[in-house]
Every structure is written in C-alpha cells, then in structure tokens.
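Working notes, beginning with the structure itself.
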Amino acid sequence: MYGDDIEILKRENMNLADKIYIFDTTLRDGEQTPGVALTVDEKIQIAQKLDSLGVDKIEAGFPAASNGELQSNRKIKSLGLDSTIVGLARSSKNDIDAVLDADLDYIHTFIGTSPLHRDYKLKMSKEKIISTAVEAVEYAKDHGLAVEFSAEDATRTERDFLFEIFGEIVDAGADFLDIPDTVGILTPILTRDLLTDIKSSFKTPISVHFHNDFGLATANTLTAIECGANQAHVTVNGMGERTGNTSLEEIVIALHAAYGIDLDIDTTQIYSISEFVARLTGVKMPVNKPIVGDNAFAHESGIHVHGILNNSSTYEPISPELVGHSRKIVLGKHTGANALKSKLKDYHIDLSDEQFDKVFAQIKALGDRGRCVTDDDLKAIALTELGSARETPIKLKGFGLLCGEVVSPTATVKLEIDGVEKETSNTGVGPVDAALNAIRELIQDTMDIELEEYNLEAINGGTDALADVFVISSDNEGNKSTGRAINDDIVMASVLAVLDSINKLILIQRSEINL
Ligand code: KIV
Ligand code: ZN
C-alpha cells in the first residue's frame, strides 16, 4: 500500500465487493492460445498447481469439445481439489449434458448477444437468443448445476438488450452473470460506466472476462473490481485467445500492492506456476512481462543498483520474494561500482583496488561494445585478473602451426608445466582442434580435460578484428572453470583461453582458488 490516503480513496471512489473471487481459465481460454494444446496429464498437473495457489474456480475445459476434453474435465474433478471445477458449455442441451457427464457441478454457459454474433454467427433474433439462453440456464439449474452465464461479446451488445437478457437469466436462476469483453475493446472509463450501471441494476454477483487486445485487460479488470465486480476471470501469464486474457499474477499483485487487498492466493507460488505453464505450453514470457518476466526484478544502472542495495523498495514496487521470483543485478555499461562489488562478494572473489579498477573497466568496455555481461563473463574476467597476479602452473613457451590443402592441420605446442618444459605436435580436424589435442597430450599426466563450451567472437568486426575466445572446461573430478583470451590470432586466442581455464582447474584442484 502507498499510504493512509488509500483508505480514503477506497471508501470514496470505490465500491469493492466483500469477497472477490478468482476464476482461472488457463485450462480453457488459456489453452485456446493459438498453437497451444495440453495433454490430459498436463492439464491435471496445472489444475493441481492452481488449486495449491488458491484460486476459487478452475475452468477445466469445454467437455463437449472432444472426448479428451470430457475425460480431462472428469479426471480433474475426481482429484477432489478445493477449487470449484467449472466446465464451459454453449447454451445447448448437448453441451450441458457433457458438463454433467464430466461430473461437474458448476457450469459456465454462454451465447453471443452482440448484433455481430446474432446476425453473422448464430443467425438468431434477439427473442430466440433470449429463449435459448433461458432454456439452457433452466435446464442446467434443473440438473443441480451452479450456473454462470456469459453474454458473449457483451461489450459490443446494445446496453438495453444486454440488460434485458441478463434480467431474464437472473429470473431463470443464474448464480453469476459474466461480462465478456470478447475482443478486448474496453478502456477503464468505459468499464467503469458499464460496471456501475450493471451493479446498480442487478443483485446477482457479477463476473468479468476481459481480453487483452489493446493491452488493457488488467487495467479494465481492476476498474471492474473497483466498481463492485465480484469475480475476475484470469489466466496464468495472461494466456488466451489472440493477445490473451487478464493475467492472474498482475491482478492479484495489483490488488495487493495498490489496495492491500489479499485474496486467498499464495502469492509465493506465482513465479513457479508461471514458469510451469510457460514450459508446458511452450509460450515463453517476454523479459519485461510484469511480475514474472526475467527483468521484473533486474537492475543494471548504477543509480538504481545503489538504491536497491541500500533499500530494495527504492526501485522495486514489491519484493521478488512475494511472488517467489528473485532479484537480478545485471552488469553492463550502466553498471556502477556498488553493483560490481556486490556481485564479486556473492562469488567470494576478493580483488585489490587495482584489480577491481581493471575488471570494472573491462565490464564497461564490453557494455560499450553492446555486450551484456553475464555472471560467467564476470567470473572469467575477475578470475583472469586474479590469475594474472598469481604464478600459473602452466605457461605457454612456444606455438607453431602447419596448415594447407594437402596436409592435416598440425600444431606444435611447447608448455612449461610446474617448471618442466614439454613439447609435442598433434593433428586435428582444424587448427584449433589440432592445438587443443596437442595441449591435451602434454597435460595428460596432470589432468583429463573436457571442453564443454567454446565461444568465439570478433571484437570490432573487420578482417583485422580481435578474436575474443571464451571457454568452459571441466576436469575428471567434475570441477568447471572458465577461460578467456583476446588475441589478433584466432588459434592463439583459443590456446590461451584453454590454458587459462586449465590453469584455473589446476588451482581449484590444489585448493588455491574457490569458485
Ligand atoms: O471471450 C469470450 O467471450 C469467451 C466466452 C466463451 C465467455 O471466452
Ligand atoms: Zn474469452
């Protein structure tokens, strides 16, 4: 909350319902995200996580759509979760029977009400729409179902017709009236107008189901709640048709942070369910997705990181722990000395002032070249700096290369290993491979190494570019280390980078450095 004034704001400008229900439709509208299809098992796993998160209702699917849908709805119901399991149905006996067949006791039934839906999709008169919807609600009620009725495309439906059909539906016994903004055309002011009107005309609890076509689904849902909506339809990660639905995490956290309204949701599970849904659906979140994106709690600029390190609230509206996420300090050209010091401390890397200045300069230089400096980069740079002040066990004493069209690439390497000089030649599929094979042969009495990663980048571009080689090597004891070298010769940069990582591995084995 942002202060006591909020209490006054709540009383004077808002008409909050006593209880706000979260109706999650990740498994129904969320699964309608183009390209997404979940297996029965995956739906069950998501339902279990939604239940553990604490949502009030889980729309498990559309039982009449397929046998698989019917089975998954039935299985989810049979889990005996605390959340109410809801099945979607058109306003038809067949669809309602499928919901009953799935053993559900809550139905979400709908019919298109806007002129576009009446004339072009259903080809039904207003009277026919009303009688079909009423019959469906009565049939569902007669079979013991709790009924939520949606007027599909409500926000493009004439207001008087929307109120007329809602009136009939209330008389038929519906338990919830839902307002779908099917193509996401609302704005907060339009939402306020509609919700205020509806809340003053109907006593039946009101639900909202908003789509995100203009990026306003969360803002509109929040406005609807401020105007008395009793329930919000949401999806994890804002999944759903086209640009999606109102995002569960955004609405839950906005209510908590802005108004101190805590729903019965375990917010600490938000990040993990977001990642889980992203993994199963294959729909990755953009880095700047509110609450759950990679950058939601990431900081790079010196000024921000300085503030964050003193008090995280300076540049974070909520703590990452609230949603089970974590803070990330990113290094780059905006990095300040404080951020770098804090990172080095995290990795227990102790640099002298002079070494620190050199590492700081290298990070800024990489940032200026458009590079994002990862934690591995930082460790490599800092440890290289540490290593250069330390006696290395292996020194390169000579290097020669033979290449041509008719000969296999052959490298000759001379190393001094713990004071003893050794030399050998070896071949490979290319010059770098030949050089690495020669090094491997020379150090085989000391250790076996595996090159896990090899990255080559040209700095500055052009044919005279410097080669920047970054490697990760591992030894037979499972230790890993990074190595980096910059040289105007690609093969030499590779040799030096590999030797750099081998020297670190030897120092790790001898417990002289600790990663
Ligand atoms: O967006 C929509 O109109 C829907 C209906 C099925 C309620 O998802
Ligand atoms: Zn929808």
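General observations
- If you check I85, I58 for being part of a strand (DSSP E or B), away from ligand 2 (no atom under 16 Å from the Cβ) and modelled with pLDDT of 95 or more, only one passes: I85.
- In segment 19-35, the qualifying residues are those that are surrounded by 19 or more Cβ atoms within 10 Å (Cβ to Cβ) and not β-branched (V, I, T), and the one that is farthest from ligand 1 (Cβ to nearest atom) is Y21.
- Pairing residues of segment 21-37 that are near ligand 2 (Cβ under 10 Å from one of its atoms) with residues that are open to solvent by 30 Å² or more (accessible area, probe 1.4 Å), at Cβ distances under 7 Å and at least 6 apart in sequence or on separate chains, gives R28/F62; D29/E241; Q32/E241.
The rows are residues; the columns are (1) part of a helix (DSSP H, G or I); (2) among the polar types (S, T, N, Q); (3) in contact with a Phe, Trp or Tyr (Cβ under 9 Å, 6 or more places away or on another chain).
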{"site": "L195", "(1), (2), (3)": "yes, no, no"}
{"site": "T204", "(1), (2), (3)": "no, yes, yes"}
{"site": "F210", "(1), (2), (3)": "no, no, no"}
{"site": "T221", "(1), (2), (3)": "yes, yes, yes"}
{"site": "G240", "(1), (2), (3)": "no, no, no"}
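- Top-ranked residue of segment 240-286 - restricted to ones that are within 16 Å of ligand 1 (Cβ to nearest atom) and open to solvent by 30 Å² or more (accessible area, probe 1.4 Å), ranked as nearest to H209 (Cα to Cα): E241
- Check on K333, among the charged types (D, E, K, R), free of Cβ contacts under 8 Å to residues at least 60 places away in the same chain and either crowded, with 17+ Cβ neighbours inside 10 Å or part of a strand (DSSP E or B) (or both): yes
- Within the set R156, R242, the sole residue that is more than 16 Å from Y21 (Cα to Cα), in contact with a Leu (Cβ under 7 Å, 6 or more places away or on another chain), basic (K, R) and within 14 Å of ligand 2 (Cβ to nearest atom) turns out to be R156.
- Qualifying residue in segment 399-409 (condition: over 30 Å from E275 (Cβ atoms), touching a Gly at 6+ places or on another chain (Cβ under 8 Å) and not aliphatic (A, V, I, L, M)): yes
- Candidate set from segment 468-486 (those that are in contact with a Leu (Cβ under 6 Å, 6 or more places away or on another chain) and modelled with pLDDT under 85); member that is surrounded by the most Cβ atoms within 10 Å (Cβ to Cβ): S481
- Members of segment 147-191 that are more than 19 Å from N220 (Cβ to Cβ), open to solvent by 30 Å² or more (accessible area, probe 1.4 Å) and either among the aliphatic types (A, V, I, L, M) or in contact (Cβ under 8 Å) with a residue 40 or more places away in the chain (or both): E158, V170
- Yes/no for A217 being in contact (Cβ under 8 Å) with a residue 12 or more places away in the chain, away from ligand 1 (no atom under 15 Å from the Cβ) and either more than 19 Å from K19 (Cα to Cα) or touching a Leu at 6+ places or on another chain (Cβ under 7 Å) (or both): no
The values are calculated or read from the model by the stated rules, or taken from the named source; none is laboratory data. None of these values were measured; they are calculated from a predicted model. With ideal geometry, Cβ positions are generated from the backbone for all residues, glycine too; neighbour counts draw on all protein chains shown. Heads up: the accessible areas ignore ligands, DNA and RNA and are worked out on the full protein's heavy atoms, side chains in. Shrake-Rupley method; radii C 1.70, N 1.55, O 1.52, S 1.80 Å.
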